[in-house]
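Here the structure is laid out as structure tokens; the discussion comes afterwards.
The values are calculated or read from the model by the stated rules, or taken from the named source; none is laboratory data. Owing to the predicted nature of the structure, the values given are computational and were not obtained by experimental measurement. Neighbour counts run over all protein chains shown; Cβ positions are idealised from the backbone, glycine included. Remember, those area values only see protein heavy atoms, side chains included, never the ligands or the DNA or RNA. Shrake-Rupley method; radii C 1.70, N 1.55, O 1.52, S 1.80 Å.
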Amino acid sequence: MSDATANGTAPATPRKDKVETPFRRFVSEFCESKVAIGGLIVFTAIALIAIFAPWITPQNPYDLAQLDIMDGRQEPGTTGGAGFTFWLGTDDQGRDMMSGIMYGLRISLTVGAGSALIACLVGASLGLLAAYAGGRTDSAIMRLVDLQLSFPSILVALMILAFLGKGIMNVVIALVIVEWAYYARTVRGTALVERRREYIEAAQCLALPTHRILFRHLLPNCLPPLIVVATMQVARAIALEATLSFLGLGVPITEPSLGLLIANGYEYMLSGKYWISFYPGIALLVTIVSINLVGDQLRDVLNPRLKK
Amino acid sequence: MTVYLVRRLLQALLVVLAMSVIVFVGVYAIGDPVEILISPDADQLERERAVVALGLDLPLWQQYLVFLTKALQGDLGNSFVFNEPALKLILQRMPATLELAFGAMFLSILVGLPLGLYAGLRPDSPVSKGIMAGSILGFSLPTFWVGLMLIMVFAVQLGWLPSTGRGDTASLLGLQWSFLTIDGLSHMAMPALNLALFKISLVIRLTRAGVRETMLMDYVKFARAKGLSPARVTFVHVFKNILIPVVTVVGLELGSTIAFSVVTESVFAWPGMGKLIIDSINVLDRPVIVAYLMIIVLMFITINLIVDLTYSLLDPRVRLESKGT
């Protein structure tokens with residue numbers, strides 16, 4: 001078990017020699033699975049593409065001046081009027097699909113990671129509070145968690161978007177409300193075990209303020225399972241956002257994520273123009289699978305029960 | 001047991017009440033109720049009259065009581081689009097959704113059990129590894145995209161199956177069902193498979209884990225030692241014992257299958273209540289939205305209640321534990 005508090009209060013430990021630090025052990029254990037490394041590399045590549053999309057795409061797919069309607073619905077590999085090749089074809093507006101996918105990745109990843117992060121903050125805080133306070137606070141929070149987890153995520157998201165309407169912010173809110181319960185449950189479970197340890201008792205004896213005990217002492221020791229859940233939830237959030245956008249309840253048409261790109265190609269599917277939907281779907285699939293592969297390995301490495 | 005039953009029923013009732021408050025506040029307070037309930041074509045005078053007629057000038061808690069009383073009488077308002085009672089609209093489309101959901105669950109067992117059984121019996125064979133990799137894909141693939149790909153392959157390129165609608169229906173117990181006609185079945189094949197994909201993966205994993213666990217049991221070793229044929233050991237001794245947990249879990253998934261049919265129905269234009277709710281949200285047909293949410297919440301709470309009660313019947317620990325707290 002990594003002891004983050006010990007590291008935090010005693011930075012005097014020299015790090016230059018080859019002492020096996022928890023972090024190094026973690027890295028070497030993670031690298032044991034080639035599949036997971038592959039997943040990590042693919043995901044890093046996807047993230048880089050998303051970040052640098054405006055500089056590497058041949059066109060800005062949302063600058064109407066750069067679009068030529070004459071290039072509409074071109075097959076993959078054709079060269080358009082602007083002089084570059086549409087490797088993945090174009091959609092009905094003459095938009096290069098490759099550029100569209102790269103920009104779509106930006107939105108999908110931002111919404112997915114952003115909502116997972118906020119949900120993590122909210123869920124972890126409430127989970128910690130539930131475990132530390134116990135009693136009525138605990139049962140109130142956990143009742144809410146149980147209630148919410150008894151409904152499928154898509155239904156909860158659908159309900160919230162039916163109230164709030166479309167829009168990126170509303171999708172993020174919906175995803176946060178869907179996801180916080182998973183974090184809360186995970187953190188509470190770990191924190192219940194951790195709060196009985198001596199270091200918490202010691203911190204309480206020092207009369208440290210509650211928030212300090214919660215966030216500086218308890219939280220760092222609940223991190224391993226939290227990281228695993230967070231990784232998986234990012235993938236789930238991206239998939240759910242894509243689904244909602246596909247249904248026309250998610251992001252607006254001006255900021256299309258991968259799900260909306262797929263929805264746009266839906267009507268052309270029946271006339272055999274498969275590429276408008278096919279390639280964004282592949283991008284979505286590769287993103288989700290790579291995150292899940294990394295998450296799987298993290299779960300194996302960070303699970304104390306599997307420790308040798 | 002009676003005490004537990006009453007407690008559990010009261011809890012469920014409380015949840016229904018809480019959800020009705022959430023839905024009410026969500027639709028009537030967050031959105032603009034005038035815009036929601038009055039047709040946008042109405043002029044100013046008509047609007048004001050409608051506000052009074054609908055009781056929108058009353059305080060919110062009074063409005064909620066009116067809403068609740070009407071809801072209890074089965075009146076959840078009229079749809080703007082169809083100008084029919086919202087409740088009726090949804091109940092009309094329910095058979096299509098239920099049919100699809102049950103079809104998907106049937107498929108998941110039909111496909112998942114044999115594959116899981118094989119993967120469990122020969123865990124190291126390449127075929128088993130392929131099955132397991134496939135089940136990971138089944139968990140990761142976005143349902144709606146798989147649906148599109150199914151349409152592309154089987155409807156557009158091969159032309160084997162129709163891609164939209166329910167096809168011919170036949171009447172049974174006064175309701176229209178697709179699974180009773182050949183044409184209806186061919187319409188149902190792709191949506192049901194699409195909806196089943198996730199459950200198939202789940203059943204494969206459950207069955208495989210169950211088989212691997214059961215194969216190590218003493219009674220299996222004993223059956224083998226008796227000289228029974230491997231087929232008999234597998235299908236009688238092992239299979240029977242893994243069937244119960246698998247079927248239980250698939251049964252539990254009924255609710256989420258119905259919820260996720262929203263996606264599948266939209267892809268395949270299946271005229272069920274999932275497609276209705278998406279269409280209604282898109283055109284802001286709020287009475288239908290409210291009615292759908294209330295019905296589905298009620299459905300979930302009922303399913304959860306039944307599951308809890310069945311568990312407490314099977315496992316006395318659950319009852320005793322809840323008595324303690």
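Of B:148, B:113, all but one fail to be touching a residue at least 40 places away in the same chain (Cβ under 8 Å), over 29 Å from residue B:295 (Cβ atoms) and part of a helix (DSSP H, G or I); the exception is B:113.
Applying the selection to segment B:90-130, what residues are among the basic types (Lys, Arg) and out of contact with any helix residue (DSSP H, G or I) (no Cβ under 8 Å at 6 or more places or on another chain)? Spell out the reasoning first.
Our first condition is that a residue be among the basic types (Lys, Arg); within segment B:90-130, this holds for B:93, B:122, B:129.
Across segment B:90-130, the qualifying residue is only B:129.
Every condition in (1) within 14 Å of residue A:179 (Cα to Cα); (2) crowded, with 23+ Cβ neighbours inside 10 Å; (3) within 11 Å of another protein chain (Cβ to nearest Cβ) is met by residue A:232 except one, and the failing one is (2).
Which of the residues spanning segment B:116-145 are closer than 22 Å to residue B:260 by Cα and either part of a helix (DSSP H, G or I) or open to solvent by 70 Å² or more (accessible area, probe 1.4 Å) (or both)? Break it down into steps so the answer makes sense when it comes.
Taking segment B:116-145 first, the residues closer than 22 Å to residue B:260 by Cα are B:134-145.
Hits for segment B:116-145 are B:134, B:135, B:136, B:137, B:138, B:139, B:140, B:143, B:144, B:145.
Residues being crowded, with 24+ Cβ neighbours inside 10 Å and either within 14 Å of chain B (Cβ to nearest Cβ) or of a type in the set (Ser, Thr, Tyr) (or both): count how many of those fall in segment A:160-184. Total meeting the criteria: 5. Determine whether segment B:274-282 contains at least one residue that is under 28 Å from residue B:102 (Cα atoms), open to solvent by less than 60 Å² (accessible area, probe 1.4 Å), among the charged types (D, E, K, R) and touching a Pro at 6+ places or on another chain (Cβ under 8 Å). Within segment B:274-282, not a single residue is under 28 Å from residue B:102 (Cα atoms), open to solvent by less than 60 Å² (accessible area, probe 1.4 Å), among the charged types (D, E, K, R) and touching a Pro at 6+ places or on another chain (Cβ under 8 Å). Look at residue A:284 and say whether it is without any contact (Cβ under 8 Å) to a residue 12 or more places away in the chain and either among the aliphatic types (A, V, I, L, M) or within 14 Å of chain B (Cβ to nearest Cβ) (or both). Against the criterion (without any contact (Cβ under 8 Å) to a residue 12 or more places away in the chain and either among the aliphatic types (A, V, I, L, M) or within 14 Å of chain B (Cβ to nearest Cβ) (or both)), residue A:284 does not qualify.
If you go through segment B:121-133 one residue at a time, do you hit one that is under 25 Å from residue A:274 (Cβ atoms) and within 13 Å of chain A (Cβ to nearest Cβ)?
So the first thing to find is which residues in segment B:121-133 are under 25 Å from residue A:274 (Cβ atoms), and the list is B:133.
Now restrict to residues that are within 13 Å of chain A (Cβ to nearest Cβ): B:133.
Within segment B:121-133, one or more residues are under 25 Å from residue A:274 (Cβ atoms) and within 13 Å of chain A (Cβ to nearest Cβ).
Among the residues of segment A:44-57, those that are part of a helix (DSSP H, G or I) and open to solvent by less than 60 Å² (accessible area, probe 1.4 Å) comprise A:45, A:46, A:47, A:49, A:50, A:53, A:54. Residues in segment A:142-154 include none that are open to solvent by less than 40 Å² (accessible area, probe 1.4 Å), on the phi > 0 side of the Ramachandran plot and within 14 Å of chain B (Cβ to nearest Cβ).
For residue B:212, the test of being touching a helix residue (DSSP H, G or I) at 6+ places or on another chain (Cβ under 9 Å) and within 14 Å of chain A (Cβ to nearest Cβ) is failed.
Against the conditions (1) surrounded by fewer than 18 Cβ atoms within 10 Å (Cβ to Cβ); (2) within 14 Å of chain B (Cβ to nearest Cβ); (3) assigned to a helix (DSSP H, G or I), residue A:261 satisfies every one except (1). Would you confirm whether any residue within segment B:226-243 is within 23 Å of residue B:107 (Cα to Cα), touching a residue at least 40 places away in the same chain (Cβ under 8 Å), touching a Phe, Trp or Tyr at 6+ places or on another chain (Cβ under 9 Å) and surrounded by fewer than 21 Cβ atoms within 10 Å (Cβ to Cβ)? No. Each residue in segment B:215-265 was checked for being within 14 Å of chain A (Cβ to nearest Cβ) and closer than 28 Å to residue B:127 by Cα, and 1 of them qualify.
Right, residue B:77: open to solvent by 20 Å² or more (accessible area, probe 1.4 Å), away from chain A (no Cβ under 14 Å), closer than 30 Å to residue A:284 by Cα and among the small types (Gly, Ala, Ser) or not? Walk me through how you get there before you give the answer.
Working: open to solvent by 20 Å² or more (accessible area, probe 1.4 Å): yes; away from chain A (no Cβ under 14 Å): yes; closer than 30 Å to residue A:284 by Cα: no; among the small types (Gly, Ala, Ser): yes.
Taking the combined requirement at face value, the residue does not satisfy it.
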